[in-house]
Amino acid sequence: MEERQISAAVIKRLPRYYRYLAELQNEDLERISSEELSRRMGVTASQIRQDLNNFGGFGQQGYGYNVEYLKEEIGKILGLDHTHNMIIIGAGNLGRALAGYAKFENRGFIVKGIFDNNPELIGKKVRDIKVVSMGVLDHFLEENDIAIATLAIPKEEAQAVAERLYAAGIRAIWNFAHVDLKLPGDAYVENVHLIESLMQLSYRLNKG
């Protein structure tokens, strides 16, 4: 397929398509039209067709979409056809909650290590993964094939830790620290600002 620029909005919708298709599979539905998928998702049928046409379309006129095939293809686009080893920096409440979320593994995201500087947390286990000192982080990254690092640490520490991860070869960072990281252009950072999401909800409530 010819390389083309895919908009961030389309990429953001792909996991939602995947989730709905997984639910359709659980209902034992073999095929679905863009119109029916539109009604379920609250996205226009035209938008669905446009989004999927970025990757080849996948549908057949008069038939619609084969649910299993479309889910598999979107999974491949999202890189879910292989596993991604990840680590979590920060073993506080948020870090432990993320490490304990079993559904990551169902999608191929495997937590391989949890790191912290707090002596009271080092040695504790989350789902059989022992929290270890940040002092061994560089050696751990040398010895293990890690693709993604999750930051669940205070914002004051995040930039320095992110630079350390980048220097060690990590290019994908899932950032829960409330700060925008400054890294070279080949680094991929997905920011999750929980309080900003809550403020957007507050705005809608206030305007309701």
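Residue separation of residue 10 and residue 206 scaled by 0.36 nm, minus their Cα-Cα distance, works out to 67.7 nm of gained length.
For a straight C-alpha distance cut-off of 25 angstrom, the lysines reachable from residue 182 (same-chain residues fewer than eight places away being disregarded) are 12, 155.
For residue 189, the amide hydrogen comes within under 5 Å of the amide hydrogens of 173, counting only partners 5 or more places away or on other chains and with H modelled in the peptide plane.
Accessible surface computed residue by residue for segment 1-111, with neighbouring protein chains in place and a 1.4 Å probe, gives 60 Å² per residue. Couplings 3J(HN,Hα) for segment 162-172, derived from phi with the Karplus relation 6.51 cos²θ - 1.76 cosθ + 1.60 (θ = phi - 60°), are 4, 5, 5, 5, 4, 4, 8, x, 6, 10, 10 Hz, where x marks Gly and Pro.
Using θ = phi - 60° in the Karplus curve 6.51 cos²θ - 1.76 cosθ + 1.60, the 3J(HN,Hα) couplings for segment 17-25 round to 4, 4, 5, 5, 5, 5, 5, 5, 4 Hz; x is entered for Gly and Pro. Ordered from largest to smallest accessible area (heavy atoms of protein chains, 1.4 Å probe), the residues 207, 71 come out as 207, 71. Full extension of the chain between residue 159 and residue 84 yields a length gain of 24.7 nm, computed as 0.36 nm times the residue separation minus the alpha carbon distance.
First compute the accessible area of segment 68-140 with a 1.4 Å probe, then give the percent of it belonging to carbon and sulfur atoms.
Solvent-exposed carbon and sulfur of segment 68-140 make up 49 percent of the total.
The relative contact order of the chain, computed from alpha carbon pairs under 8 Å that lie at least 6 residues apart in sequence, is 13 percent. Taking amide H as placed 1.01 Å from N in the peptide plane, residue 84 has its amide H under 5 Å from the amide H of 109, 110, each at least 5 places away in sequence or on another chain.
About the Cα centre of the chain, what is the dipole size in debye to 20, counting +1 per Lys and Arg Cβ and -1 per Asp and Glu Cβ, all else neutral? Let's see the in-between values first.
Details: 25 positive and 28 negative charges, 137 e Å.
The calculated dipole for the chain is roughly 660 debye.
Of the whole protein surface, residue 41 contributes about 10 Å² of accessible area at a 1.4 Å probe radius.
DSSP assigns beta bridges within the chain; of those with both partners inside it, close to 20 percent run antiparallel.
The values are calculated or read from the model by the stated rules, or taken from the named source; none is laboratory data. Since we're looking at a predicted model, the values are computed, not measured. Cβ atoms come from the backbone with ideal geometry, glycine included; neighbour counts cover every protein chain shown. Accessible surface is based on the protein model in full, side chains and every heavy atom, while ligands, DNA and RNA are left aside. Shrake-Rupley method; radii C 1.70, N 1.55, O 1.52, S 1.80 Å.
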